[in-house]
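Written below as structure tokens is the structure these notes are about.
Nothing in this text is a laboratory measurement; each read-out follows from the coordinates by a stated rule. Owing to the predicted nature of the structure, the values given are computational and were not obtained by experimental measurement. Quick reminder, even Gly has a Cβ in these numbers, built from the backbone with ideal geometry, and neighbours come from all protein chains shown.
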Amino acid sequence: MIPAPTRARETRRPARRRRCRPERHGGGSLRRRAAAGAVAAAVLAGIGAAPGRAADDLSLAAKAALFDVDLAERFLAADGQVRVRRRLPTAEHPYVTYNMSDTAYMTGLYCAAQTWRHLATGDPEAAQRARTAVAALRHLVAVTGRDGLLARASAPLDEPWLDDGTWRESSDGRRRWRGNVSSDQVDAVMFGLFVYAMHLADAREREGIGETVAAVVDAIVGNGLRIIGYDGRPTRWGRYEPAYVAGEEPMNALLMLQMVKVAHELTGLPRFGREYGRLLEMGYARIGEGARLDRPPREANHSDDVLIALALYPLLELETDAAVRLHYERAAQRWFHGRTHPGIDVEGNPLATFLHRHWTGDRAYDAAALDTLRRVPLDMKWNAGTIATYARRFGFSFTADPVVPLAGDGPLPVAQRGRTWSFLVHNPYRVGGDRLAVAPFETNGLDYLVSYWFGRAHGMIRAED
């Protein structure tokens, strides 16, 4: 076990809020507008606005509005947590329930997406949803009753519930929460809180976010760079110690650096600066260059690709030391372009493409990324009945296309991929689930939303697209 550094008396830096800079957003000031009517108007306004959809006549903005409506109405809990998979009623369980294994992860992404939506549009609804997501993320740390221990999810005891995993009751007897949290949940939580704190939080909010981030990081550092669960044992996927990142999971070196760097930025406490320096001395930034494992495309872990992106974003936003920054740039280069085997650059991945452009200025991959967003099929997420209901409600058309895998070894275009909860996480060299079958679960379009709103907020997608 690595001993935690000795703490001296610490003082905080005055809180500072990072405003959006035009040069960080494609060279032009962000569009801001007052909220104009219901989100439904955006869906209706975008119908038939541009050609080239594989199966619908929605513009990019209209599809984003549709996914926003669906997520808010069917996947967003009253307290701001975002559910992943919506389990449909059955004869045995005649009520809606959710699989909640990745609730913390999804809520972190949603927090960032709604922050970027507000930056792009000025819509106060987006700011409020981002603010509520922050409260939900802070709740997921508080509900466990253990300092700095994050829960995967939380739900009221009187809510219909059917889920796997390890659940416990909160100390007040009002809620249950899911344990065995992993490094990916922490990664996304840090990412979402960072994006909100840097762009929307006032000084009071930033201080509160900093307290939550500090508690999580203190617990992991104090436990030898491991997540220790409620039962006092390390969680299955909560390891960041030197031997582990050097020998098994180099990605977690970046994840550890990310959380410590964010904690230092949001609190100004010297202990986090010292811990960051200690990690650098142990070679974590160098190890992190190999975060994306060099594997054949069909064996690549695209869930890890998302986690790497969420870690690199704060690190590249904050790091100013050229020598340290070079390690992160090399990690991003390998992540996007690959090494012996292909990287993400050939996949038309919109979030990866827009992040790559944000870091490098390279626009060569934009067309493929935009095409992916245009062609995301609605039946990748929803059953035919749900699509028909939305089509009648908003007046758009949709045609279900059969999945016919293309010949060759390249990645499948998004319109030829199967059912999946996230096209960012799904391996595009594999088809996935049958889109035409009636599924017992439906999922939301947060993968689309986080990609689209990052692109909009950074001047890479036009409002009229």
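Restricting the search to region 402-421, which residues are part of a loop (DSSP other than H, G, I, E, B) and either under 20 Å from D305 (Cβ atoms) or of a type in the set (K, R) (or both)?
Once the filter is applied, which keeps residues that are part of a loop (DSSP other than H, G, I, E, B) and either under 20 Å from D305 (Cβ atoms) or of a type in the set (K, R) (or both), region 402-421 yields D409, G410, P411, L412, P413, R417, G418, T420, W421.
Could you run through region 214-240 and say how many residues are assigned to a loop (DSSP other than H, G, I, E, B) and buried (at least 17 other Cβ atoms within 10 Å of the Cβ)?
Here the count works out to 5.
Identify the residue in region 320-358 that is of a type in the set (S, T, Y) and more than 23 Å from V414 (Cβ to Cβ) and, among all such residues, is surrounded by the most Cβ atoms within 10 Å (Cβ to Cβ). Steps first, answer last, please.
Taking region 320-358 and keeping what is of a type in the set (S, T, Y), we get 320, 328, 340, 353.
Of the ones still in play, those that are also more than 23 Å from V414 (Cβ to Cβ) are 320, 328, 340.
Working: T320: 6, Y328: 23, T340: 7.
Residue satisfying both the conditions and the ranking: Y328.
If you take the residues of region 307-319 that are among the aliphatic types (A, V, I, L, M) and crowded, with 21+ Cβ neighbours inside 10 Å, which of them is farthest from the chain's Cα centre (by Cα)? Reasoning before the result, please.
From region 307-319, those among the aliphatic types (A, V, I, L, M) are 307-312, 315-316, 318; that's our starting set.
Filter once more, so that each one left must be crowded, with 21+ Cβ neighbours inside 10 Å: 307-312, 315.
Values: L307: 8, I308: 11, A309: 9, L310: 7, A311: 10, L312: 12, L315: 16 Å.
Out of the qualifying residues, it is L315.
What single numbered condition from (1) free of Cβ contacts under 8 Å to residues at least 24 places away in the same chain; (2) farther than 30 Å from Q333 by Cβ fails to hold for G395?
(1)
Kindly indicate which of R146, R174 is of a type in the set (K, R) and either surrounded by 19 or more Cβ atoms within 10 Å (Cβ to Cβ) or touching a residue at least 24 places away in the same chain (Cβ under 8 Å) (or both).
Within the list R146, R174, the selection yields R146.
All but one of (1) assigned to a helix (DSSP H, G or I); (2) farther than 29 Å from A201 by Cα; (3) aromatic (F, W, Y) hold for F272; which doesn't?
Here F272 meets the rest and fails (2).
Can you name every residue in region 422-438 that is small (G, A, S), surrounded by fewer than 17 Cβ atoms within 10 Å (Cβ to Cβ) and in a loop (DSSP other than H, G, I, E, B)? If you could, list the steps in order and put the result at the bottom.
Restricting attention to region 422-438, the residues satisfying the condition of being small (G, A, S) are 422, 432-433, 437.
Next, only the ones that are surrounded by fewer than 17 Cβ atoms within 10 Å (Cβ to Cβ) stay: 433, 437.
The answer is A437, and nothing else.
For A151, are the conditions met, namely being in a loop (DSSP other than H, G, I, E, B), surrounded by 22 or more Cβ atoms within 10 Å (Cβ to Cβ) and among the small types (G, A, S)?
Judged against the criteria, A151 is a match.
Go through (1) among the aromatic types (F, W, Y); (2) out of contact with any Pro (no Cβ under 8 Å at 6 or more places or on another chain); (3) under 27 Å from A291 (Cα atoms) for Y429 and report which single condition fails.
That leaves (2) as the condition not met.
Contact list please: Cβ distance under 6 Å, first residue in region 317-335 and under 19 Å from R292 (Cβ atoms), second residue of a type outside the set (F, W, Y) and not in a helix (DSSP H, G or I), pairs at least six apart or on different chains.
R325/E319; H327/E289; R330/E289; A331/E289; A331/A291; R334/R292; W335/R292
If you go through region 244-285, how many residues are more than 21 Å from G210 (Cα to Cα) and within 19 Å of the chain's Cα centre (by Cα)?
Going through region 244-285 one residue at a time, the tally reaches 3.
Going residue by residue through region 340-362, is there one that turns out to be part of a loop (DSSP other than H, G, I, E, B), under 22 Å from the mean Cα position of the chain (by Cα) and of a type in the set (S, T, N, Q)?
Within region 340-362, one or more residues are part of a loop (DSSP other than H, G, I, E, B), under 22 Å from the mean Cα position of the chain (by Cα) and of a type in the set (S, T, N, Q).
What pairs come up if the first residue lies in region 426-446 and is closer than 29 Å to H341 by Cβ, the second is outside any strand (DSSP E or B) and polar (S, T, N, Q), and their beta carbons are under 7 Å apart, counting only those six or more places apart or on different chains?
Every condition considered, the pairs that remain are H426/T420; G432/T420; G433/T420.
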